[in-house]
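Single-structure report; data block below.
The values are calculated or read from the model by the stated rules, or taken from the named source; none is laboratory data. Values in this document were obtained by computation on a predicted structure and should not be read as measured data. A quick note on method: Cβ atoms are made from the backbone with ideal geometry, for glycine too, and the neighbour counts reach across all protein chains shown. Each accessible area value is taken on the protein alone, full model and side chains, heavy atoms only, with ligands, DNA and RNA left out. Shrake-Rupley method; radii C 1.70, N 1.55, O 1.52, S 1.80 Å.
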Amino acid sequence: MGFEGMKKLKPLLHLLLPLCVHWIAEEMTVSVLVDVTTGALCPGKTTCSEAIYINGVQQTVVGIFKMIVLPILGQLADEYGRKPLLILTVSTTIIPFGLLTINKSREMVYAYYILRTISYIISQGSIFCISVAYAADVVDVSSRAAVFSWITGLFSASHVLGNVLARFLPVGYIFQVSIGLLIFVPVYMTLFLEETVAPKTEVNQSSTLKSNTLKIVQERFNSMRYAANLVTTSPTLKCISLVSFFYELGMSGISGVLLYYLKSAFGFNKNQFSEILMMVGVGSIVSQIVVLPLINPLFGEKVILCMALLSSIAYAMLYGLAWAPWVPYLSASFGVIYILVKPSTYAVISKAALSADQGKAQGFVAGIQSVASLLSPIVMSPLTSWFLSRDAPFNCKGFSILCASLCMVVSLCYASTLKVEAPQERTFDENGENIEAPLLT
(Lines give C-alpha, C1' and ligand atoms only; values in the text may rest on other atoms or scores of the structure.)
Protein backbone atom coordinates (compact mmCIF):
# COMPACT_ATOMS: atom_id res chain seq x y z
CA MET A 1 0.00 0.00 0.00
CA GLY A 2 2.97 2.29 0.49
CA PHE A 3 2.92 5.63 2.30
CA GLU A 4 -0.62 6.42 1.18
CA GLY A 5 -1.77 3.11 2.56
CA MET A 6 -0.11 3.85 5.89
CA LYS A 7 -1.99 7.16 6.03
CA LYS A 8 -5.26 5.28 5.54
CA LEU A 9 -4.39 3.12 8.54
CA LYS A 10 -3.82 6.12 10.83
CA PRO A 11 -7.50 6.37 11.95
CA LEU A 12 -7.27 2.69 12.93
CA LEU A 13 -4.21 3.08 15.17
CA HIS A 14 -6.11 2.84 18.45
CA LEU A 15 -7.92 -0.23 17.15
CA LEU A 16 -4.94 -2.11 15.68
CA LEU A 17 -2.49 -1.54 18.54
CA PRO A 18 -4.60 -3.21 21.27
CA LEU A 19 -5.73 -5.93 18.84
CA CYS A 20 -2.09 -6.80 18.09
CA VAL A 21 -1.34 -7.01 21.81
CA HIS A 22 -4.40 -9.22 22.29
CA TRP A 23 -3.38 -11.57 19.47
CA ILE A 24 0.20 -11.80 20.80
CA ALA A 25 -1.09 -12.68 24.26
CA GLU A 26 -3.35 -15.42 22.89
CA GLU A 27 -0.87 -16.89 20.43
CA MET A 28 1.98 -17.21 22.92
CA THR A 29 -0.10 -19.78 24.82
CA VAL A 30 -1.07 -21.98 21.83
CA SER A 31 2.05 -24.12 21.51
CA VAL A 32 2.41 -24.68 25.26
CA LEU A 33 -1.28 -25.53 25.80
CA VAL A 34 -0.83 -28.88 24.06
CA ASP A 35 1.89 -29.86 26.54
CA VAL A 36 -0.05 -28.47 29.51
CA THR A 37 -3.32 -30.24 28.69
CA THR A 38 -1.61 -33.51 27.70
CA GLY A 39 0.52 -33.42 30.86
CA ALA A 40 -2.51 -32.79 33.09
CA LEU A 41 -4.93 -35.24 31.46
CA CYS A 42 -2.56 -37.99 30.28
CA PRO A 43 0.64 -37.79 32.39
CA GLY A 44 3.67 -39.39 30.77
CA LYS A 45 2.00 -39.99 27.40
CA THR A 46 2.56 -38.40 24.00
CA THR A 47 -0.91 -39.28 22.67
CA CYS A 48 -3.92 -38.09 24.65
CA SER A 49 -7.31 -39.13 23.28
CA GLU A 50 -9.04 -37.37 26.18
CA ALA A 51 -7.53 -34.01 25.22
CA ILE A 52 -8.49 -34.53 21.56
CA TYR A 53 -12.08 -35.38 22.50
CA ILE A 54 -12.37 -32.45 24.93
CA ASN A 55 -11.13 -30.10 22.21
CA GLY A 56 -13.71 -31.59 19.86
CA VAL A 57 -16.52 -31.17 22.41
CA GLN A 58 -15.38 -27.60 23.06
CA GLN A 59 -15.37 -26.80 19.35
CA THR A 60 -18.84 -28.32 18.94
CA VAL A 61 -20.35 -26.40 21.87
CA VAL A 62 -18.75 -23.17 20.67
CA GLY A 63 -20.12 -23.76 17.17
CA ILE A 64 -23.66 -24.32 18.47
CA PHE A 65 -23.79 -21.05 20.40
CA LYS A 66 -21.79 -19.01 17.89
CA MET A 67 -24.51 -19.62 15.30
CA ILE A 68 -26.71 -17.37 17.44
CA VAL A 69 -24.22 -15.14 19.22
CA LEU A 70 -22.10 -14.00 16.25
CA PRO A 71 -24.92 -12.51 14.14
CA ILE A 72 -26.39 -10.84 17.24
CA LEU A 73 -23.04 -9.28 18.17
CA GLY A 74 -22.72 -7.99 14.61
CA GLN A 75 -26.20 -6.44 14.82
CA LEU A 76 -25.50 -4.90 18.21
CA ALA A 77 -22.27 -3.41 16.87
CA ASP A 78 -24.29 -1.70 14.11
CA GLU A 79 -26.89 -0.42 16.56
CA TYR A 80 -25.00 0.44 19.75
CA GLY A 81 -21.47 1.01 18.59
CA ARG A 82 -18.30 -0.94 17.84
CA LYS A 83 -16.37 0.15 20.94
CA PRO A 84 -18.41 -1.50 23.74
CA LEU A 85 -18.67 -4.76 21.79
CA LEU A 86 -14.92 -4.80 21.14
CA ILE A 87 -14.13 -4.17 24.81
CA LEU A 88 -16.49 -6.99 25.81
CA THR A 89 -15.07 -9.53 23.36
CA VAL A 90 -11.38 -8.90 24.11
CA SER A 91 -11.98 -9.13 27.87
CA THR A 92 -13.32 -12.68 27.89
CA THR A 93 -9.91 -14.39 27.63
CA ILE A 94 -8.49 -12.98 30.86
CA ILE A 95 -10.11 -15.32 33.41
CA PRO A 96 -9.49 -18.67 31.60
CA PHE A 97 -5.75 -17.98 31.22
CA GLY A 98 -5.68 -16.60 34.75
CA LEU A 99 -6.65 -20.05 36.05
CA LEU A 100 -3.61 -21.66 34.40
CA THR A 101 -1.29 -19.11 36.02
CA ILE A 102 -2.53 -20.34 39.40
CA ASN A 103 -2.35 -24.09 38.82
CA LYS A 104 -2.00 -26.58 35.95
CA SER A 105 -3.66 -29.50 37.69
CA ARG A 106 -6.25 -31.76 36.06
CA GLU A 107 -9.12 -29.95 37.82
CA MET A 108 -7.83 -26.52 36.80
CA VAL A 109 -7.44 -27.65 33.18
CA TYR A 110 -11.11 -28.75 33.19
CA ALA A 111 -12.11 -25.37 34.66
CA TYR A 112 -10.01 -23.68 31.97
CA TYR A 113 -11.82 -25.60 29.22
CA ILE A 114 -15.24 -24.59 30.59
CA LEU A 115 -14.42 -20.88 30.86
CA ARG A 116 -12.45 -20.85 27.62
CA THR A 117 -15.49 -22.33 25.86
CA ILE A 118 -17.60 -19.39 27.08
CA SER A 119 -14.84 -17.03 26.00
CA TYR A 120 -14.71 -18.57 22.51
CA ILE A 121 -18.49 -18.28 22.13
CA ILE A 122 -18.29 -14.52 22.71
CA SER A 123 -14.96 -13.64 21.11
CA GLN A 124 -13.98 -16.18 18.46
CA GLY A 125 -14.74 -14.63 15.09
CA SER A 126 -16.62 -11.68 16.56
CA ILE A 127 -13.45 -9.66 17.25
CA PHE A 128 -12.52 -9.84 13.58
CA CYS A 129 -16.07 -9.15 12.38
CA ILE A 130 -16.51 -6.06 14.52
CA SER A 131 -12.98 -4.84 13.71
CA VAL A 132 -13.64 -5.19 9.98
CA ALA A 133 -16.93 -3.29 10.39
CA TYR A 134 -15.04 -0.57 12.33
CA ALA A 135 -12.48 -0.32 9.52
CA ALA A 136 -15.26 -0.12 6.91
CA ASP A 137 -16.68 2.89 8.81
CA VAL A 138 -13.51 4.92 8.29
CA VAL A 139 -12.09 3.58 5.00
CA ASP A 140 -13.55 4.11 1.53
CA VAL A 141 -14.70 1.13 -0.52
CA SER A 142 -11.81 1.20 -3.00
CA SER A 143 -9.22 0.84 -0.23
CA ARG A 144 -10.95 -1.75 1.95
CA ALA A 145 -9.34 -4.85 0.46
CA ALA A 146 -5.87 -3.42 1.08
CA VAL A 147 -6.75 -2.28 4.60
CA PHE A 148 -8.28 -5.65 5.46
CA SER A 149 -5.09 -7.33 4.22
CA TRP A 150 -3.09 -5.09 6.54
CA ILE A 151 -5.32 -6.07 9.46
CA THR A 152 -4.90 -9.78 8.76
CA GLY A 153 -1.18 -9.15 8.11
CA LEU A 154 -0.83 -7.57 11.54
CA PHE A 155 -2.71 -10.57 12.90
CA SER A 156 0.01 -12.80 11.40
CA ALA A 157 2.75 -10.50 12.70
CA SER A 158 1.23 -10.75 16.16
CA HIS A 159 1.24 -14.52 15.87
CA VAL A 160 4.95 -14.47 14.98
CA LEU A 161 5.77 -12.31 18.01
CA GLY A 162 3.59 -14.51 20.20
CA ASN A 163 5.41 -17.63 19.01
CA VAL A 164 8.81 -15.99 19.49
CA LEU A 165 7.86 -15.28 23.10
CA ALA A 166 6.57 -18.84 23.50
CA ARG A 167 9.79 -20.23 22.01
CA PHE A 168 12.13 -18.43 24.41
CA LEU A 169 10.11 -17.76 27.57
CA PRO A 170 10.13 -20.45 30.28
CA VAL A 171 6.80 -22.29 30.48
CA GLY A 172 6.20 -20.94 33.99
CA TYR A 173 6.19 -17.32 32.76
CA ILE A 174 4.17 -17.66 29.55
CA PHE A 175 0.71 -17.44 31.11
CA GLN A 176 1.76 -14.64 33.49
CA VAL A 177 3.02 -12.47 30.64
CA SER A 178 -0.08 -13.32 28.62
CA ILE A 179 -2.41 -12.20 31.43
CA GLY A 180 -0.61 -8.86 31.76
CA LEU A 181 -1.02 -8.18 28.03
CA LEU A 182 -4.66 -9.28 28.01
CA ILE A 183 -5.54 -6.88 30.84
CA PHE A 184 -3.82 -4.01 29.01
CA VAL A 185 -6.05 -4.37 25.93
CA PRO A 186 -9.54 -3.46 27.28
CA VAL A 187 -8.01 -0.69 29.42
CA TYR A 188 -6.37 0.86 26.35
CA MET A 189 -9.54 0.58 24.27
CA THR A 190 -11.60 2.19 27.01
CA LEU A 191 -9.25 5.17 27.16
CA PHE A 192 -8.33 5.77 23.52
CA LEU A 193 -10.61 3.99 21.02
CA GLU A 194 -13.11 6.32 19.34
CA GLU A 195 -16.64 5.26 18.47
CA THR A 196 -17.64 5.31 14.79
CA VAL A 197 -21.37 4.58 15.16
CA ALA A 198 -23.96 6.79 16.84
CA PRO A 199 -25.57 4.43 19.37
CA LYS A 200 -29.34 4.15 19.66
CA THR A 201 -30.26 4.99 23.25
CA GLU A 202 -34.02 5.49 23.18
CA VAL A 203 -35.57 3.58 26.11
CA ASN A 204 -39.26 3.20 26.98
CA GLN A 205 -39.45 3.39 30.78
CA SER A 206 -43.22 2.75 30.99
CA SER A 207 -43.11 -0.76 29.50
CA THR A 208 -43.25 -3.76 31.83
CA LEU A 209 -40.42 -6.27 32.11
CA LYS A 210 -42.51 -8.97 30.39
CA SER A 211 -43.47 -6.74 27.46
CA ASN A 212 -39.89 -5.52 27.09
CA THR A 213 -38.60 -9.10 27.09
CA LEU A 214 -41.11 -10.23 24.47
CA LYS A 215 -40.35 -7.16 22.39
CA ILE A 216 -36.61 -7.83 22.56
CA VAL A 217 -37.13 -11.41 21.37
CA GLN A 218 -39.36 -10.24 18.51
CA GLU A 219 -36.90 -7.53 17.50
CA ARG A 220 -33.97 -9.95 17.55
CA PHE A 221 -35.96 -12.34 15.37
CA ASN A 222 -36.72 -9.53 12.91
CA SER A 223 -33.09 -8.50 12.95
CA MET A 224 -31.92 -12.06 12.30
CA ARG A 225 -34.47 -12.36 9.49
CA TYR A 226 -33.20 -9.13 7.99
CA ALA A 227 -29.61 -10.38 8.08
CA ALA A 228 -30.67 -13.69 6.53
CA ASN A 229 -32.56 -11.87 3.76
CA LEU A 230 -29.55 -9.64 3.23
CA VAL A 231 -27.34 -12.64 2.51
CA THR A 232 -29.80 -14.89 0.67
CA THR A 233 -31.01 -12.16 -1.72
CA SER A 234 -27.48 -11.23 -2.73
CA PRO A 235 -25.85 -13.73 -5.15
CA THR A 236 -22.42 -12.54 -4.02
CA LEU A 237 -23.08 -12.94 -0.29
CA LYS A 238 -24.83 -16.28 -0.84
CA CYS A 239 -21.88 -17.66 -2.80
CA ILE A 240 -19.21 -16.35 -0.41
CA SER A 241 -21.21 -17.89 2.46
CA LEU A 242 -20.94 -21.32 0.82
CA VAL A 243 -17.24 -20.77 0.13
CA SER A 244 -16.69 -19.81 3.78
CA PHE A 245 -18.76 -22.72 5.10
CA PHE A 246 -16.84 -25.46 3.30
CA TYR A 247 -13.46 -23.80 3.85
CA GLU A 248 -14.14 -23.47 7.58
CA LEU A 249 -15.51 -27.03 7.72
CA GLY A 250 -12.16 -28.35 6.52
CA MET A 251 -9.74 -25.87 8.07
CA SER A 252 -11.31 -25.76 11.54
CA GLY A 253 -11.26 -29.54 11.62
CA ILE A 254 -7.57 -29.56 10.79
CA SER A 255 -6.72 -26.80 13.27
CA GLY A 256 -8.51 -28.62 16.08
CA VAL A 257 -6.40 -31.79 15.81
CA LEU A 258 -3.20 -30.73 14.01
CA LEU A 259 -0.89 -30.16 16.99
CA TYR A 260 -2.03 -33.36 18.70
CA TYR A 261 -1.47 -35.23 15.42
CA LEU A 262 2.07 -33.81 15.09
CA LYS A 263 2.85 -34.64 18.71
CA SER A 264 1.68 -38.22 18.28
CA ALA A 265 3.07 -38.88 14.79
CA PHE A 266 6.46 -37.14 15.07
CA GLY A 267 6.92 -36.37 18.77
CA PHE A 268 6.79 -32.60 18.28
CA ASN A 269 6.83 -30.36 21.37
CA LYS A 270 6.26 -26.65 21.97
CA ASN A 271 9.55 -25.73 20.28
CA GLN A 272 8.66 -27.43 16.99
CA PHE A 273 5.11 -26.07 17.19
CA SER A 274 6.46 -22.54 17.66
CA GLU A 275 8.91 -22.93 14.76
CA ILE A 276 6.17 -24.07 12.37
CA LEU A 277 3.79 -21.32 13.49
CA MET A 278 6.54 -18.68 13.24
CA MET A 279 7.48 -19.82 9.73
CA VAL A 280 3.89 -19.49 8.58
CA GLY A 281 3.49 -16.17 10.35
CA VAL A 282 6.56 -14.51 8.83
CA GLY A 283 5.56 -15.45 5.29
CA SER A 284 1.97 -14.43 5.96
CA ILE A 285 3.03 -10.94 6.99
CA VAL A 286 4.68 -10.38 3.63
CA SER A 287 1.84 -11.92 1.61
CA GLN A 288 -0.89 -9.92 3.37
CA ILE A 289 0.79 -6.57 3.97
CA VAL A 290 2.87 -6.33 0.77
CA VAL A 291 1.72 -8.81 -1.86
CA LEU A 292 -2.08 -8.69 -1.54
CA PRO A 293 -2.40 -4.87 -1.79
CA LEU A 294 -0.24 -4.97 -4.93
CA ILE A 295 -1.95 -7.82 -6.75
CA ASN A 296 -5.55 -7.11 -5.70
CA PRO A 297 -6.02 -4.22 -8.19
CA LEU A 298 -4.60 -6.45 -10.95
CA PHE A 299 -6.47 -9.70 -10.34
CA GLY A 300 -9.35 -8.91 -7.99
CA GLU A 301 -10.65 -10.73 -4.92
CA LYS A 302 -12.00 -13.76 -6.81
CA VAL A 303 -8.70 -14.83 -8.39
CA ILE A 304 -6.81 -14.30 -5.12
CA LEU A 305 -9.44 -16.29 -3.24
CA CYS A 306 -9.20 -19.21 -5.66
CA MET A 307 -5.38 -19.21 -5.48
CA ALA A 308 -5.54 -19.21 -1.68
CA LEU A 309 -8.06 -22.07 -1.61
CA LEU A 310 -5.90 -24.12 -3.99
CA SER A 311 -2.98 -23.56 -1.64
CA SER A 312 -5.08 -24.68 1.35
CA ILE A 313 -5.79 -27.98 -0.44
CA ALA A 314 -2.04 -28.58 -0.94
CA TYR A 315 -1.46 -27.63 2.71
CA ALA A 316 -3.95 -30.19 3.98
CA MET A 317 -2.85 -33.01 1.67
CA LEU A 318 0.82 -32.64 2.59
CA TYR A 319 0.02 -32.74 6.30
CA GLY A 320 -2.21 -35.76 5.81
CA LEU A 321 0.44 -37.65 3.82
CA ALA A 322 3.43 -36.47 5.88
CA TRP A 323 6.02 -39.27 5.81
CA ALA A 324 8.90 -37.53 7.58
CA PRO A 325 9.36 -34.82 10.26
CA TRP A 326 10.40 -32.24 7.65
CA VAL A 327 7.18 -32.57 5.61
CA PRO A 328 5.04 -30.56 8.10
CA TYR A 329 7.46 -27.66 7.60
CA LEU A 330 6.96 -27.87 3.83
CA SER A 331 3.20 -28.07 4.31
CA ALA A 332 3.24 -25.05 6.63
CA SER A 333 4.91 -22.98 3.89
CA PHE A 334 1.64 -23.06 1.93
CA GLY A 335 0.14 -21.04 4.77
CA VAL A 336 1.81 -18.03 3.21
CA ILE A 337 -0.76 -18.23 0.40
CA TYR A 338 -3.85 -19.79 1.98
CA ILE A 339 -3.84 -17.09 4.66
CA LEU A 340 -5.20 -14.77 1.93
CA VAL A 341 -8.58 -16.54 2.10
CA LYS A 342 -9.61 -14.42 5.09
CA PRO A 343 -8.86 -10.89 3.79
CA SER A 344 -10.29 -11.79 0.38
CA THR A 345 -13.49 -13.02 2.03
CA TYR A 346 -13.80 -9.89 4.18
CA ALA A 347 -13.31 -7.70 1.11
CA VAL A 348 -15.96 -9.57 -0.91
CA ILE A 349 -18.50 -9.32 1.94
CA SER A 350 -17.71 -5.65 2.48
CA LYS A 351 -18.15 -4.84 -1.22
CA ALA A 352 -21.48 -6.67 -1.35
CA ALA A 353 -23.02 -4.94 1.71
CA LEU A 354 -24.10 -1.38 2.39
CA SER A 355 -22.18 0.63 4.98
CA ALA A 356 -25.04 0.37 7.50
CA ASP A 357 -25.13 -3.42 7.07
CA GLN A 358 -21.42 -4.20 7.47
CA GLY A 359 -21.74 -5.69 10.95
CA LYS A 360 -24.82 -7.71 10.01
CA ALA A 361 -23.28 -9.15 6.84
CA GLN A 362 -19.92 -9.98 8.41
CA GLY A 363 -21.65 -11.40 11.50
CA PHE A 364 -24.08 -13.56 9.54
CA VAL A 365 -21.35 -15.08 7.38
CA ALA A 366 -19.28 -15.64 10.53
CA GLY A 367 -22.33 -17.39 11.98
CA ILE A 368 -22.38 -19.69 8.96
CA GLN A 369 -18.71 -20.42 9.55
CA SER A 370 -19.52 -21.30 13.14
CA VAL A 371 -21.95 -23.96 11.88
CA ALA A 372 -19.01 -25.50 10.04
CA SER A 373 -16.81 -25.33 13.14
CA LEU A 374 -19.63 -27.05 15.02
CA LEU A 375 -19.84 -29.94 12.56
CA SER A 376 -16.15 -30.59 11.86
CA PRO A 377 -15.08 -31.96 15.30
CA ILE A 378 -17.98 -34.42 15.30
CA VAL A 379 -16.09 -36.28 12.56
CA MET A 380 -12.50 -35.10 13.01
CA SER A 381 -11.99 -35.87 16.71
CA PRO A 382 -13.00 -39.57 16.66
CA LEU A 383 -11.47 -40.13 13.21
CA THR A 384 -8.13 -38.63 14.29
CA SER A 385 -8.07 -40.61 17.54
CA TRP A 386 -8.88 -43.80 15.64
CA PHE A 387 -6.09 -43.43 13.09
CA LEU A 388 -3.57 -42.39 15.77
CA SER A 389 -4.38 -45.52 17.78
CA ARG A 390 -3.19 -49.09 17.32
CA ASP A 391 -6.66 -50.06 16.10
CA ALA A 392 -6.41 -48.04 12.86
CA PRO A 393 -7.59 -50.08 9.83
CA PHE A 394 -4.50 -49.03 7.86
CA ASN A 395 -1.36 -46.98 8.45
CA CYS A 396 -2.25 -43.37 7.63
CA LYS A 397 -2.16 -41.24 10.76
CA GLY A 398 -3.20 -38.14 8.81
CA PHE A 399 -6.23 -39.75 7.15
CA SER A 400 -8.67 -37.36 8.90
CA ILE A 401 -6.72 -34.38 7.52
CA LEU A 402 -6.93 -35.83 4.01
CA CYS A 403 -10.70 -36.09 4.44
CA ALA A 404 -10.84 -32.45 5.55
CA SER A 405 -9.02 -31.39 2.37
CA LEU A 406 -12.06 -32.51 0.35
CA CYS A 407 -14.08 -29.72 1.98
CA MET A 408 -11.58 -27.18 0.64
CA VAL A 409 -12.00 -28.69 -2.82
CA VAL A 410 -15.76 -28.04 -2.62
CA SER A 411 -15.05 -24.49 -1.41
CA LEU A 412 -12.80 -23.90 -4.43
CA CYS A 413 -15.56 -25.11 -6.76
CA TYR A 414 -17.99 -22.54 -5.32
CA ALA A 415 -15.34 -19.79 -5.39
CA SER A 416 -14.84 -20.37 -9.11
CA THR A 417 -18.48 -19.34 -9.68
CA LEU A 418 -18.29 -16.19 -7.50
CA LYS A 419 -19.36 -12.86 -9.01
CA VAL A 420 -18.52 -9.79 -6.93
CA GLU A 421 -21.42 -7.33 -7.31
CA ALA A 422 -22.30 -4.00 -5.69
CA PRO A 423 -24.98 -4.09 -2.97
CA GLN A 424 -28.63 -3.34 -3.61
CA GLU A 425 -30.63 -0.86 -1.55
CA ARG A 426 -32.13 -2.03 1.73
CA THR A 427 -35.44 -3.88 1.67
CA PHE A 428 -38.36 -2.49 3.65
CA ASP A 429 -41.41 -4.12 5.15
CA GLU A 430 -44.99 -3.65 4.03
CA ASN A 431 -45.35 -0.56 6.24
CA GLY A 432 -42.45 1.14 4.54
CA GLU A 433 -40.23 0.79 7.59
CA ASN A 434 -36.94 -1.01 7.74
CA ILE A 435 -37.39 -4.29 9.57
CA GLU A 436 -34.26 -3.53 11.59
CA ALA A 437 -35.05 -2.53 15.17
CA PRO A 438 -32.86 -1.55 18.09
CA LEU A 439 -32.36 -3.96 20.97
CA LEU A 440 -34.01 -1.65 23.51
CA THR A 441 -36.84 0.77 22.77
(message) As a quick test, which of the pairs K342/K397; K83/K342; K66/K397 have an alpha carbon distance above 25 angstrom in this structure?
(response) K342/K397; K66/K397
(message) Compute the angle between helix 399-415 and the longest alpha-carbon principal axis of the chain, please, reported from 0 to 90 degrees and rounded to the nearest 10.
(response) 30 degrees
(request) Using the 4.7 Å Cβ rule, please list in number order the cysteines from the chain without any candidate partner. (result) C20, C129, C239, C306, C396, C403, C407, C413
(message) Just to confirm the number: angle between the C-alpha axis of helix 270-286 and the first principal axis of the chain, 0 to 90 degrees, nearest 10?
(response) 40 degrees
(message) Which residue fluctuates most in the GNM of the chain (Cα springs below 10 Å): E194, E26, E248?
(response) E194
(request) Would you give the gap between the C-alpha center of the stretch 71-145 and the C-alpha center of the stretch 286-330, rounded to a whole Å? (result) 26 Å
(request) Using the heavy atoms of the protein chains and a 1.4 angstrom probe, tell me the accessible area per residue for the chain in square angstrom. (result) 42 Å²
(message) Compute the helix-to-body angle for 209-232: its Cα long axis versus the longest principal axis of the chain, expressed 0 to 90° and rounded to tens.
(response) 80 degrees
(request) Quote the accessible area belonging to T60 in square angstrom, nearest 10, computed with a 1.4 Å probe and with ligands, DNA and RNA left uncounted. (result) 30 Å²
(request) Measure off, as a whole percent, the carbon and sulfur share of the 1.4 Å-probe accessible area of the stretch 259-342, all protein chains present. (result) 78 percent
(message) At a 10 angstrom cut-off on C-beta neighbours, averaged per residue, how do the peptides 128-139, 290-301, 89-100 rank from highest to lowest?
(response) 128-139, 89-100, 290-301
(request) Just need the relative contact order of the chain here, percent rounded to a whole number, with Cα pairs under 8 Å and 6+ apart. (result) 29 percent
(request) Would you kindly find the accessible area of K45, with a 1.4 Å probe and non-protein molecules such as ligands, DNA and RNA excluded, rounding to the nearest 10 Å²? (result) 130 Å²
(message) As a test of reading the structure, rank L237, L375 by solvent-accessible area (1.4 Å probe, protein chains only), most first.
(response) L375, L237
(request) Compute the normalised compactness of the stretch 290-429: alpha-carbon radius of gyration over 2.2 N^0.38 Å, N being the residue count. (result) 1.27
(message) If DNA, RNA and ligands are ignored and the probe is 1.4 Å, what is the ranking of F168, F148 by accessible area, most exposed first?
(response) F168, F148
(request) Go through F394, F273 and list them by solvent-accessible area, largest first, probe radius 1.4 Å. (result) F394, F273
(request) Mind putting together the pair-distance distribution for the chain? All Cα pairs, 10 Å bins, whole percent per bin, short to long. (result) 5, 20, 33, 26, 12, 3, 0
(message) Once ligands and nucleic acids are excluded and a 1.4 Å probe is used, how much of H14 is accessible, expressed in Å² to the nearest 10?
(response) 70 Å²
(request) Could you please report the charge total around Q369, scoring K, R as +1 and D, E as -1 over all other residues with beta-carbon less than 10 angstrom from its beta-carbon? (result) 0
(request) Could you point to the residue in V371, P71, V109 farthest towards the positive end of the chain's charge dipole, with +1 and -1 charges on the Cβ of Lys/Arg and Asp/Glu respectively? (result) V109
